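A short worksheet on the structure shown next.
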Amino acid sequence: MLQSLSSNSCVRLIQSNKSTWYFFFLVLGYVLYLIFGAVVFSSVELPYEDLLRQDLRNVKRQFLQENECLSEERLEEFLGKALEASNYGVSVLNNATANWNWDFTSALFFASTVLSTTGYGHTVPLSDGGKAFCIIYSVIGIPFTLLFLTAVVQRIMVYVTRGPVTYIHTRWGFSKQLVALVHALVLGLVTASCFFFIPAAAFSSLEDDWNFLESFYFCFISLSTIGLGDYVPGEGYNQKFRQLYKIGITFYLMLGLIAMLVVLETFCELQELKQFRKMFYLKKEKAEDRVHIIDHEHLSFSSVSDQAASLREDKLNEPFMDVPPLTYSASDFSSLNR
């Protein structure tokens, strides 16, 4: 008997805190996913890093053997300055000196990556004034960009998602959930083709050192606003029409980001995903619970009022105080006659 009562109480406790348990498993799953990613990246990339380190040591050793007049300390000093300049987007190579990082088109490309929070990191402000302005510019510009993207996506959703789904549902009578699901899949495929596969093929032909996988990798890293910065277009040697190319990439990134947000918003409006998300949210107060609370408060107020009324009635029903009878003397009557 006690075991059944305890098991029933545990079941009721779990059911009453179902969203909390779902949220706990969500956090646990996210942490495990982070650990899984770290294990995979480490196992895949660590051998390549080790090979690169060995090759670099061999090249350095061979260079010092061929140039005995150069000490290792002087070489380390030169390489340190070269790497520091490279971190700021300035290269010491002869084939890279013709490309300026802060002409108008490059600055426009940098501003777009800052406002979209992509941030490739290949070009950064060099001066203290540039760094201070970048902070102020980002503080104002990032919320402004979010407002702009939200307004644009809201208007596009009316014509691209809600309008077609409602039309097909009312015109042919298909289930609205089914129409929304098929529409989201088709929209996702069209967006992937127009902003991932086709641009990847274009970048693989325009960039000399990029293959299709590297170009597709750049498109995904850029439009998902990850922006690792290991692949940046328009930075090659003797890039043809470099300024026009940079402007085109800037417009591509903005349009692609808007398309990605439209697809994400379309999928978020699916009824199945809404139900799935609600599993991890705190439950709102139900209407009947609010009515119960209001009724309880009304009853409490009524009981207080009834008590106050009964007290008033008791006071009214109390016997009057005994008043002593008035007695008049003969002198009083004589004074009245006067």
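The values are calculated or read from the model by the stated rules, or taken from the named source; none is laboratory data. Only a predicted model underlies this, so the values are computations on that prediction, with no experimental measurement involved. We place every Cβ from the backbone using ideal geometry, glycine too, and count neighbours over all the protein chains shown. Surface areas here come from the heavy atoms of the whole protein model, side chains and all, with no ligands, DNA or RNA. Shrake-Rupley method; radii C 1.70, N 1.55, O 1.52, S 1.80 Å.
Quick look at the numbers
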read-out: Spin-label pair Leu178/Asp128, simplified geometry with 7 Å Cα→Cβ offset, distance in nm; value: 6.8
read-out: Chain lengthening between Leu147 and Asp208 when straightened (0.36 nm per residue, less Cα-Cα); value: 18.2 nm
read-out: Equivalent ellipsoid, region 92-251 (semi-axes from 5 times Cα gyration tensor eigenvalues, Å); value: 37, 21, 11
read-out: Cys219, Cys268, Cys69, ranked by accessible area, largest first (probe 1.4 Å); value: Cys69, Cys268, Cys219
read-out: Two-site label geometry, Ile136 and Leu282: point separation in nm, points 7 Å out along Cα→Cβ; value: 3.9
read-out: Equivalent ellipsoid semi-axes - Cα gyration tensor, region 238-284, angstrom; value: 41, 9, 7
read-out: Over 20 Å between alpha carbons, listed pairs Lys131/Lys240; Lys18/Lys283; Lys18/Lys278; value: Lys131/Lys240
read-out: Rounded accessible area of Glu265 (nearest 10 Å², 1.4 Å probe); value: 70
read-out: Accessible surface ranking that places the most exposed of Lys18, Lys60 first, with a 1.4 angstrom probe; value: Lys18, Lys60
read-out: By accessible area with a 1.4 Å probe, ligands and nucleic acids excluded, highest first: order of Trp210, Trp100; value: Trp100, Trp210
read-out: P(r) of region 11-93 over all Cα-Cα pairs, binned every 5 Å from zero, in whole percent; value: 3, 11, 9, 11, 12, 10, 8, 7, 6, 6, 5, 5, 4, 3, 2, 1, 0
read-out: Accessible area (Å², 1.4 Å probe, nearest 10) - Phe23; value: 110
read-out: Accessible area (Å², 1.4 Å probe, nearest 10) - Arg53; value: 120
read-out: Cβ crowding within 10 Å averaged over residues, with 34-47, 161-174 ranked highest first; value: 161-174, 34-47
